[in-house]
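K.L.:
The following block contains the structure, expressed as structure tokens.
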Amino acid sequence: MKNISVIVPFHSNKRLLDICLSTLTATTSDEVEIIVVLNNADPRQIDFDINHPRIRVEREYANLGYSRAINLGVKRARGDLLVFCDSDTFLRKSWLEALYNLHNSSRKIGLTSCKLIDPNSGRVIDYGMGLTKYNNAHPFKDRRIDHPLTCVDRRVQMACSACMMMSRDVFERVGGMDTELYNFYQDTDLCLRVNEARLECWIAADAMAFHRGDSAQTNRSPYRADVKGWYVAKNAHRMSVDMERYYQESYRFLAAKTDLDNRYLWVDLSSVADRDWHREVVGQVLPIISPCEIPAKERDEKAIELITQLDGALLETQNPIIYFVDRFIALQGNALWKRLRRHSGDVVVDRNANIEMLNLVDQS
């Protein structure tokens, strides 16, 4: 695997960069070039040496932002096959071989990304991205990394650039990273332009890496809404609502191993604005009666206690319940509710197209 350059943009949080580079050098051969783009207006954040014979440093005393840092790294790189790697990404064994093999399996493939894993839970955090009516979504997020739905190479509309491969030719043909997007949505924007060039975006199931995310020692979140406004205005004509197919795939997988009912109560505990769209999509495969809404207080709640959130009358209902939540693992535990609930056919559905039996959430 010659002629490969790995580009690592870095702004702050050297401790995580050290771990990233350690895993990079340990999992790639000596012929793979590694370029670290140190950029920060505060010299204290980037005035350090990286003493490794394989690592080349580009240093800029300015806040370049993610897109400009990647573009600079590409300009200075020697390789014709590029890998973008966030400085808080930690690579697992054989990731590069799996990424390379899939990327080179078809001339139609424009970019290929890794399956990303949450460093805390050990579960999937990114396996490509799709679109609901209002938002990006992450199909099968929070599943185990060995779950059958996450163990196949998959063509996707968009992917995360925390560990992404593409050729220099394609990168330059689609215009590189959009510097106006700065630190948000630059990777999904890139994917949409790759699609527009009639090339494909793929996830390599066996190319795995841990990704910390949001690790820069600067709070950039206030800018996200503004950047999203420009991103959507720019790309609306390139976007396609496609999450319905992931719901159908998840349903088929569950239905093949479980006897499902044909009349469900819909209990909405989510935070999504397009809740009607989700209910209609799920209702195509799991018939719904009597929907009720108990909106979440915040996006992606980590734990929902059903015994305190729901009316006790639901414990007695003879119809199975669909609990619609942002993340299905938020219903892990709930031992008392599950013990008191008289119907064993309850189902959990989340905004990332996961469909699972409530009594199997802890194991899925």
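K.L.:
As an exercise: evaluate residue 192 against (1) under 30 Å from residue 322 (Cα atoms); (2) assigned to a helix (DSSP H, G or I); (3) of a type outside the set (Phe, Trp, Tyr) and give the number of the one condition it does not meet.
P.N.:
(1)
K.L.:
From the residues in the stretch 53-107 that are in a strand (DSSP E or B) and open to solvent by 50 Å² or more (accessible area, probe 1.4 Å), which one is nearest to residue 181 (Cα to Cα)?
P.N.:
From the stretch 53-107, those in a strand (DSSP E or B) are 55-60, 81-85, 89-91; that's our starting set.
Of the ones still in play, those that are also open to solvent by 50 Å² or more (accessible area, probe 1.4 Å) are 56, 59-60.
Values: 56: 26, 59: 21, 60: 19 Å.
Per the stated criteria, the residue is 60.
K.L.:
Please tell me if residue 5 is touching an Asp or Glu at 6+ places or on another chain (Cβ under 8 Å), touching a residue at least 40 places away in the same chain (Cβ under 8 Å) and either assigned to a helix (DSSP H, G or I) or more than 23 Å from residue 208 (Cβ to Cβ) (or both).
P.N.:
Numbers: touching an Asp or Glu at 6+ places or on another chain (Cβ under 8 Å): yes; touching a residue at least 40 places away in the same chain (Cβ under 8 Å): yes; either assigned to a helix (DSSP H, G or I) or more than 23 Å from residue 208 (Cβ to Cβ) (or both): no.
Spelling it out, it is not the case that residue 5 is touching an Asp or Glu at 6+ places or on another chain (Cβ under 8 Å), touching a residue at least 40 places away in the same chain (Cβ under 8 Å) and either assigned to a helix (DSSP H, G or I) or more than 23 Å from residue 208 (Cβ to Cβ) (or both).
K.L.:
Suppose we filter the stretch 120-135 for residues that are touching a residue at least 24 places away in the same chain (Cβ under 8 Å), open to solvent by 20 Å² or more (accessible area, probe 1.4 Å) and farther than 14 Å from residue 213 by Cβ; how many remain?
P.N.:
Of the stretch 120-135, the ones touching a residue at least 24 places away in the same chain (Cβ under 8 Å) are 121, 123-135.
Checking which are open to solvent by 20 Å² or more (accessible area, probe 1.4 Å) leaves us with 121, 123, 125, 133-135.
Of the ones still in play, those that are also farther than 14 Å from residue 213 by Cβ are 133-135.
Summing the residues that are touching a residue at least 24 places away in the same chain (Cβ under 8 Å), open to solvent by 20 Å² or more (accessible area, probe 1.4 Å) and farther than 14 Å from residue 213 by Cβ in the stretch 120-135 gives 3.
Yes/no per residue for (1) touching a Ser or Thr at 6+ places or on another chain (Cβ under 7 Å); (2) surrounded by 13 or more Cβ atoms within 10 Å (Cβ to Cβ):
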| site | (1), (2) |
| --- | --- |
| 226 | no, no |
| 241 | yes, yes |
| 268 | no, yes |
| 277 | yes, yes |
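K.L.:
Name the single residue that is most open to solvent (accessible area, probe 1.4 Å) among those in the stretch 158-170 being under 12 Å from residue 187 (Cβ atoms) and outside any strand (DSSP E or B).
P.N.:
Narrowing the stretch 158-170 to residues under 12 Å from residue 187 (Cβ atoms): 158-164, 166.
This time we only want the ones that are outside any strand (DSSP E or B), so: 159-162.
Numbers: 159: 0, 160: 23, 161: 2, 162: 0 Å².
Among those residues, the one meeting the criterion is 160.
K.L.:
Regarding the stretch 348-355, can at least one residue be identified that is of a type in the set (Val, Ile, Thr), open to solvent by 10 Å² or more (accessible area, probe 1.4 Å) and touching a residue at least 60 places away in the same chain (Cβ under 8 Å)?
P.N.:
Here is the first cut: in the stretch 348-355, the ones of a type in the set (Val, Ile, Thr) are 348-349, 355.
Pick out the ones that are also open to solvent by 10 Å² or more (accessible area, probe 1.4 Å) and you get none.
Among the residues of the stretch 348-355, not one is of a type in the set (Val, Ile, Thr), open to solvent by 10 Å² or more (accessible area, probe 1.4 Å) and touching a residue at least 60 places away in the same chain (Cβ under 8 Å), which makes the answer no.
K.L.:
Just to verify a result, which residue in the stretch 43-52, among those that are in contact (Cβ under 8 Å) with a residue 12 or more places away in the chain and of a type outside the set (A, V, I, L, M), is surrounded by the most Cβ atoms within 10 Å (Cβ to Cβ)? If you could, list the steps in order and put the result at the bottom.
P.N.:
Initially, the stretch 43-52 is screened for residues in contact (Cβ under 8 Å) with a residue 12 or more places away in the chain, giving 43, 45-46, 48, 50, 52.
Narrowing the set further to residues that are of a type outside the set (A, V, I, L, M) leaves 43, 45, 48, 52.
Working: 43: 9, 45: 20, 48: 13, 52: 14.
So the residue we want is 45.
K.L.:
Just checking, how many residues over the stretch 287-300 are open to solvent by less than 60 Å² (accessible area, probe 1.4 Å) and more than 19 Å from residue 310 (Cβ to Cβ)? So that I can check it myself, show each step before the final result.
P.N.:
The first filter runs over the stretch 287-300 and keeps only residues open to solvent by less than 60 Å² (accessible area, probe 1.4 Å), leaving 287-289, 292, 294, 296, 300.
Those left that are additionally more than 19 Å from residue 310 (Cβ to Cβ): 287, 300.
Looking only at that region, the number is 2.
K.L.:
Same structure again: In the stretch 225-269, which residues are assigned to a helix (DSSP H, G or I) and among the β-branched types (Val, Ile, Thr)?
P.N.:
The initial filter retains those residues of the stretch 225-269 that are assigned to a helix (DSSP H, G or I), namely 225-238, 243-255.
Across the stretch 225-269, the qualifying residues are 227, 232.
The values are calculated or read from the model by the stated rules, or taken from the named source; none is laboratory data. Here the structure is a predicted model, which is why all the values come from computation and not from measurement. Glycine gets a Cβ as well: all are built from the backbone with ideal geometry, and neighbour counts include every protein chain shown. Side chains included, ligands, DNA and RNA excluded: accessible areas come from the protein's heavy atoms. Shrake-Rupley method; radii C 1.70, N 1.55, O 1.52, S 1.80 Å.
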